[in-house]
1. Do the conditions hold for residue 488, that is, is it in contact (Cβ under 8 Å) with a residue 12 or more places away in the chain and either in contact with a helix residue (DSSP H, G or I) (Cβ under 8 Å, 6 or more places away or on another chain) or under 25 Å from residue 538 (Cα atoms) (or both)?
2. List the number of the failed condition for residue 314; all other conditions in (1) free of Cβ contacts under 8 Å to residues at least 60 places away in the same chain; (2) farther than 24 Å from residue 240 by Cα hold.
3. Are there any pairs, at least 6 apart or on different chains, whose C-beta atoms fall under 8 Å, with the first in region 170-190 and closer than 30 Å to residue 112 by Cβ and assigned by TED's automatic domain parsing to the domain that holds residue 158 and the second surrounded by fewer than 14 Cβ atoms within 10 Å (Cβ to Cβ) and at pLDDT below 95, and if so, which?
4. crowded, with 24+ Cβ neighbours inside 10 Å, on the phi < 0 side of the Ramachandran plot and in contact (Cβ under 8 Å) with a residue 60 or more places away in the chain: is that true of residue 230 in this structure?
5. Looking at this structure, is residue 378 in a loop (DSSP other than H, G, I, E, B) and either modelled with pLDDT of 95 or more or within 26 Å of the chain's Cα centre (by Cα) (or both)?
6. Which of the numbered conditions does residue 326 fail, given that it passes all the others? Conditions: (1) surrounded by fewer than 19 Cβ atoms within 10 Å (Cβ to Cβ); (2) farther than 29 Å from residue 632 by Cβ.
7. Looking at residue 134 and the list (1) crowded, with 24+ Cβ neighbours inside 10 Å; (2) at pLDDT 95 or above; (3) assigned to a strand (DSSP E or B), which single condition is not satisfied?
8. Could you say which residue among 387, 375 is in the same structural domain as residue 425 (by TED's automatic domain parsing), without any contact (Cβ under 8 Å) to a residue 60 or more places away in the chain and more than 30 Å from residue 464 (Cβ to Cβ)?
């Protein structure tokens, strides 16, 4: 066997000339070792000018601004470094696709040599493709990416990467665990996955108090999520930080891999291009490819938001809504049911409210692919009454759906605007199940209560709790569907991360005393709240009773707070774009004492916290969730419940590989 060389002369400045030596060990072209010589320079980006100072120009700041990817050079130390992605201790399903990327930084791209070796317990493992993508994301970096690899057998695999250049040398070795899913007992045919965004224990407890009531210390009833067959907890940290955001935490559930803040379906690479990071296969992709299952997504957020997008999408930057929508139209990623807000990213730029920069109309593109479309509650009911469609798209607002209080309890025309006919989570869940059940191969449905989190960020406890109740009622719909249609269905309920909200007691409006904090009752002075649900729908009729919950916040900006329910949601703090610092919102609780914050001065909202979150499950395979789980293990537990077997290939025997490795080593000696 002789070495072969390949050269390229791409016009793309990020993929310059180079060659690599490959050592083939299988007739299929798989490689156990790759030697890559790469070079390339990227033009540095110009720095943006600082905004001019405008006194008192306060504005609302995106609660997730801190998740924006701000690149720092990996080689800031000046040392030569090498990084292998996926990271060490990553866990894979046999046959699941992934990209392998090796990043060398602090190197001279002209003289860099990278040697990559893959082995398992039997020797060299021929997994590498013969034509990696070579890039240079900075003047002192070289990256090598092998696309769409798979591990064909279970076991432990080691990837060793060594880089040498005129600036120095470095090496890294990572170990990957590969598992083959095996169901314990009956297999699940369907999976319904409920995600309460930011749904910490305070949101669940508050929902139980308001929805079910409490008398002399005992609850008058339990939530649907309280009565799951098995209960456990989930740790939520990401690969880059103990504090996660919704993108990488949901990505862990949907891929079985850690990611980084702001990223989904990828391991965060060093490129500023959000599409360039190495991918891992998502839940939607693997279930469609391996089992032919249908995929459903229902959310009260924009359908391109972090949680729904993580079911199918790959990006380093969660705000790339247009690209996420483009991915949703790809056959291997396309949901069969896709409902929520986010219409602005589907409309051509010529239409009012559009956030696109082109003339594409994605609603029409979905229709061309066989989707029925609904733009309101009334239209959704009409679509379903006309006969269950095979595929269903619904976008009911330009942005996020309004929260339950503002939609159903105290609808305010100034808040709802033209979108006064939005369906709720219960209606969307019921419609989704009716569509998805048409596939006799099964389905995966993700249902998100998104605005638990979106209410907690601006410190609005009542709105977060009402949306938790709404999610719980959607769970009831799923349980009813399972009982009536298909008991071979796994239901999983969890949150992506915890939040700053807590319940410290009660707040009594009629109580004497100033400042407002004197109306807060703790310990024996708290007593019990006086919420009333006269119509028995599970939601208190008035979110602002005389005695209501006293919400506290473990982290927050400087902000005014009278501790009572706000008739209209108001941001706690606003940003002065000139100073990029947060200031108390003068229109929130006028006259209230300003609560001194504990967050960095630029933060205008409270942020996610690091505590574990609840997980509950019922149905086939549910017992796997009755323990403390890393968030990546949720994916693998679902795969096991389904008995997922992904088609793949077999490696040659140890003896055959040893003989071929010796031939390969002789050929390698010819490399200059």
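The values are calculated or read from the model by the stated rules, or taken from the named source; none is laboratory data. Remember, predicted model here, so these are calculated numbers, not experimental data. Neighbour counts are summed over all protein chains in view; Cβ atoms, including those assigned to glycine, are modelled from backbone coordinates with ideal geometry.
1. Values: in contact (Cβ under 8 Å) with a residue 12 or more places away in the chain: yes; either in contact with a helix residue (DSSP H, G or I) (Cβ under 8 Å, 6 or more places away or on another chain) or under 25 Å from residue 538 (Cα atoms) (or both): no.
Taking the combined requirement at face value, the residue does not satisfy it.
2. Among (1) free of Cβ contacts under 8 Å to residues at least 60 places away in the same chain; (2) farther than 24 Å from residue 240 by Cα, the lone unmet condition for residue 314 is (2).
3. 170/79
4. no
5. Details: in a loop (DSSP other than H, G, I, E, B): no; either modelled with pLDDT of 95 or more or within 26 Å of the chain's Cα centre (by Cα) (or both): yes.
Taking the combined requirement at face value, the residue does not satisfy it.
6. So residue 326 meets the others, but not (2).
7. Just one mismatch for residue 134, condition (2).
8. Values: 375 fails: more than 30 Å from residue 464 (Cβ to Cβ).
Unique residue meeting the criteria: 387.
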